[in-house]
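The values are calculated or read from the model by the stated rules, or taken from the named source; none is laboratory data. Remember, it's a predicted structure, so these values are computed and weren't measured experimentally. All Cβ positions, even for glycine, are placed from backbone atoms using ideal geometry, and neighbour counts span all protein chains on display. What goes into the accessible areas is simple: the full protein's heavy atoms, side chains included, and nothing from ligands, DNA or RNA. Shrake-Rupley method; radii C 1.70, N 1.55, O 1.52, S 1.80 Å.
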Amino acid sequence: MSLTLAWVIFLSLIVAVGHAAGPAAPAIIPQPQHLELRAGAFTLTPATRVDADPGSRATARFLTSRLATATGYPLTPATKYFGSGSVPGAIFLTTRHANTNLGPEGYELTVAPDSVVIRAPTQAGLFYGVQTLLQLLPPAIFSPGPVTNVAWQIPAVQIQDWPRFVWRGFMLDVSRHFFTKAEVETLLDALALHKLNTFHWHLTDDHGWRIEIKACPKLTSVGAWRSGVGFGYASNSTTAYGPDGRYGGFYTQDDIREVVKYAAARHITIVPEIEMPGHSLAALTAYPEYSCTGGPFEPAMTGGVFNGIYDPAKEATFQFLTEVLAEVAGLFPGPYIHVGGDEVPKDTWKNSPDCQALMRREGLKNEEELQSWFVRRIEKIVNAHGHRLIGWSEILQGGLAQNATVMDWIGGAKEAAEAGHDVVMTPTSNCYFDFYQSSNRVAEPRAAAWGKPLTLARMYAYEPLPTNVPPALQSHILGTQGNLWTEQIPNFKHVEYMTFPRASALAEVTWSAPEARDFTDFSRRLRIQYQRFDELGINYRHGDASDAANIEPLAPTP
Ligand code: TNX
């Protein structure tokens, strides 16, 4: 090797190491598929232009509003430029000449010292390019107001990026405890930061019905309220009280439309969940005529173990559910409606002469087949309103409905995929965000204690493709999501604490290449993510590779 060449290599190593160790070392979560760090940086100034092709203005506006807020610079998107290359001194967002191989959510980001270009086949891709660009800036870019004395530098990079899975989700249970529209929108912002694209909104359960249904007003006038916070929580653990002092709340249809719009602007699809036939106590408190026993049910809404179940032997039950699903279908433009289906208590059906007569009439051998019969009827209603049905593992029992997608929490992925159905993976072992985050329960706020702690490291190490699903069927595994059940979680700060930073690990599991996963490097990037959380006012648990709770052996469940 010539001496000159050795020098060149030596010097470029210094440059590379300098970049990696310096303040501008990229800390992007989720890790992009391809990232090449180049020399130099683009600096935002009051004179920086933001240009976009006409179809990309809304995405550009999303970027400029964030940039203008933190920098105080008067940045607004322009559409003066009609070319497709880079523009000196400008950030340019465009779908022109985009590489369609990047897919419907991929993007390309080129930062050079004199220009920035985000190019993507779709607005979703451009939006993710914007998220990456923001993460290349100092964390102060997420400040709620203007910050001075920051060098707004963006390191020169060439990034090509796309997600591994199409379903990158998060579920929030708003039934066990209620969270306001503003709180839900705050969560959606944080999901968008992580390029998560699916919000599963668990709107009904035994402990509260949270969505206005015009044809069935008692669902919210009665079913949204209970006599106390319940679950052993003190009244001051929450602020969700109605004017009459009862605990609860619900979203009006206008609220729902606003949240759907808010999510869409962040390229998040909402999957509403209306639980049936079990976990339906709140609905049956409002309308006991659709139950087998007639009630009373209300006392169990504060956290009893009773699990309310609809009476499938009454035609009126299906008329009621049709009215509910018709309104839900009209409010949510996304393809899926989740109808629950988990933990259906079969004893009530066993003890009901009407249900037993129905089973004989329909030739159903057991209550599992009755459940399957119920879900098949519901699927027809969901399909008739232009939506696809998704349900928990148990919808496989007694035979799966024709086009249903399965959300696997206790198994079923293999059977469903083999039968040609799509699957979303949410196993309790890796996706339950209500579980403790460390084995040191004394040091943690209350959490669900029936599974192993879901540490940050455990979340990060999760591989969503089940080993028992053969490669030829793996395309049926749409992706994965974190599930935040809220029996133990009475307020939104606690929601955030349970969600972050595990959602950062989830984001990388769902988006990045599995072979690129590196918990030590993730922990380095997470420290910068924490600074972003601080700017955004997001509450989170401090945890990384140096967190003993993540690596010590898991304590047995008491
Ligand atoms: C099981 S996961 C449930 C939820 C509970 C959760 C508590 C699932 C489909 N059902 O109803 O909230 O456990 O961890």
Item checked: Cβ-defined net charge surrounding ASP354, 14 Å radius [Lys, Arg +1; Asp, Glu -1] -> -1
Next item on the list: Mind checking which of THR204, TYR530, VAL111 is farthest towards the positive end of the chain's charge dipole, using Cβ charges of +1 (Lys, Arg) and -1 (Asp, Glu) about the Cα centre?
Entry: VAL111
Notebook entry, point to check: What's the angle, to the nearest 10 degrees (0 to 90), between helix 253-265's Cα axis and the longest principal axis of the chain?
Noted result: 30
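Rounded to the nearest 500, what is the chain's calculated 222 nm mean residue ellipticity when only DSSP H runs of at least 4 contribute -39500 (n - 2.57) each, over all residues?
-10000 deg cm²/dmol
Do the alpha carbons of any pairs in LYS314/LYS380; LYS346/LYS452; LYS314/LYS346; LYS350/LYS380; LYS195/LYS261; LYS261/LYS380 sit beyond 23 Å of each other, and which pairs?
Among LYS314/LYS380; LYS346/LYS452; LYS314/LYS346; LYS350/LYS380; LYS195/LYS261; LYS261/LYS380, the Cα-Cα distance tops 23 Å for LYS346/LYS452; LYS350/LYS380; LYS261/LYS380.
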Next item on the list: With the full set of protein chains in place, find how many percent of the accessible area of segment 167-556 is carbon and sulfur; take the probe as 1.4 Å.
Entry: 54
Next item on the list: Provide Rg and Dmax in Å for segment 73-163, with only Cα atoms included in the calculation.
Entry: 13.5, 41
Note to self: Can you give me the solvent accessible area of THR100 with a 1.4 Å probe, rounded to the nearest 10 Å²?
What the structure shows: 110
Check: Reachable aspartates and glutamates from LYS214, Cα under 16 Å, same-chain residues fewer than 8 places away excluded?
Finding: ASP254, ASP255, GLU323, GLU327
Checklist line | Compactness of segment 228-345 as Cα Rg over 2.2 N^0.38 Å, two decimals | finding: 1.20
Notebook entry, point to check: Rounded to the nearest 10 Å², what accessible area does LYS452 show when all protein chains are kept and the probe is 1.4 Å?
Noted result: 120
Checklist line | Where ARG360, ARG226, ARG57 fall by accessible area, highest first, once all protein chains stay in place (1.4 Å) | finding: ARG360, ARG57, ARG226
Notebook entry, point to check: Which angle between 0 and 90 degrees, to the nearest 10, do you get for helix 181-193 versus the longest principal axis of the chain when only C-alpha atoms count?
Noted result: 50
Next item on the list: Calculate the radius of gyration of the Cα atoms of segment 5-161 to one decimal place, then report Dmax, the largest Cα-Cα distance, as a whole number, both in Å.
Entry: 15.5, 49
Notebook entry, point to check: Near the amide H of MET171, under 5 Å away, which other amide H atoms are found, from residues 5 or more places off or on another chain, if H is placed in the peptide plane?
Noted result: HIS200, GLY482, ASN483, LEU484
Notebook entry, point to check: When the convex hull of the Cα atoms of segment 137-225 is projected onto a plane and the area is averaged over all directions, what value comes out in nm²?
Noted result: 9.4
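If you put +1 on each Lys and Arg Cβ and -1 on each Asp and Glu Cβ, how big is the dipole of the chain around its Cα centre, in Debye rounded to 20? Write out the running numbers ahead of the final one.
Numbers: 44 positive and 54 negative charges, 228 e Å.
Around 1100 debye, computed over the chain.
What's the magnitude of the charge dipole for segment 5-161 around its Cα centre, counting Lys and Arg as +1 and Asp and Glu as -1 at the beta-carbon? Answer in Debye, nearest 20. Working shown, then result.
On the way: 8 positive and 7 negative charges, 66 e Å.
Using Cβ point charges on Lys, Arg, Asp and Glu, segment 5-161 gives about 320 debye.
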Next item on the list: Working from Cα positions, state the angle (0 to 90°, nearest 10) between the long axis of helix 3-21 and the longest principal axis of the chain.
Entry: 40
Checklist line | Positive-end extreme of charge dipole, segment 167-556 - chosen from PRO445, SER512, PHE433 (charges on Cβ) | finding: SER512
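Once the Cα gyration tensor of segment 109-153 is found, what semi-axes does its equivalent ellipsoid get, as square roots of 5 times the eigenvalues, in whole Å, sorted largest first?
Values: eigenvalues 101, 38, 9 Å².
Its equivalent ellipsoid spans semi-axes of 22, 14, 7 Å.
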Notebook entry, point to check: Counting Lys and Arg as +1 and Asp and Glu as -1, what is the net charge of the other residues whose Cβ lies under 14 Å from the Cβ of PRO146?
Noted result: 0
Notebook entry, point to check: Between segment 76-137 and segment 150-180, how many Å separate their Cα centres?
Noted result: 18
Next item on the list: Compute, for GLU418, the solvent-accessible surface of its heavy atoms (probe 1.4 Å) with the complete set of protein chains present, and express it in square angstrom to the nearest 10.
Entry: 100
Checklist line | Charge sum, other residues only, whose C-beta stays under 14 Å from GLU367's C-beta, Lys/Arg counted +1 and Asp/Glu -1 | finding: -4
Note to self: With a cap of 13 neighbouring Cβ atoms within 10 Å, and only residues DSSP puts in a loop, list the GluC sites (Glu not before Pro) found in segment 495-528.
What the structure shows: none
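Order LEU465, LEU506 by their accessible area, 1.4 angstrom probe, all chains in place, largest first. Before the final figure, lay out the partial values.
Numbers: LEU465 40, LEU506 0 Å².
Putting LEU465, LEU506 in descending order of accessible area: LEU465, LEU506.
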Notebook entry, point to check: How are the C-alpha pair distances of the chain spread across 20 Å bins, as whole percents from the shortest bin up?
Noted result: 20, 51, 25, 4, 0
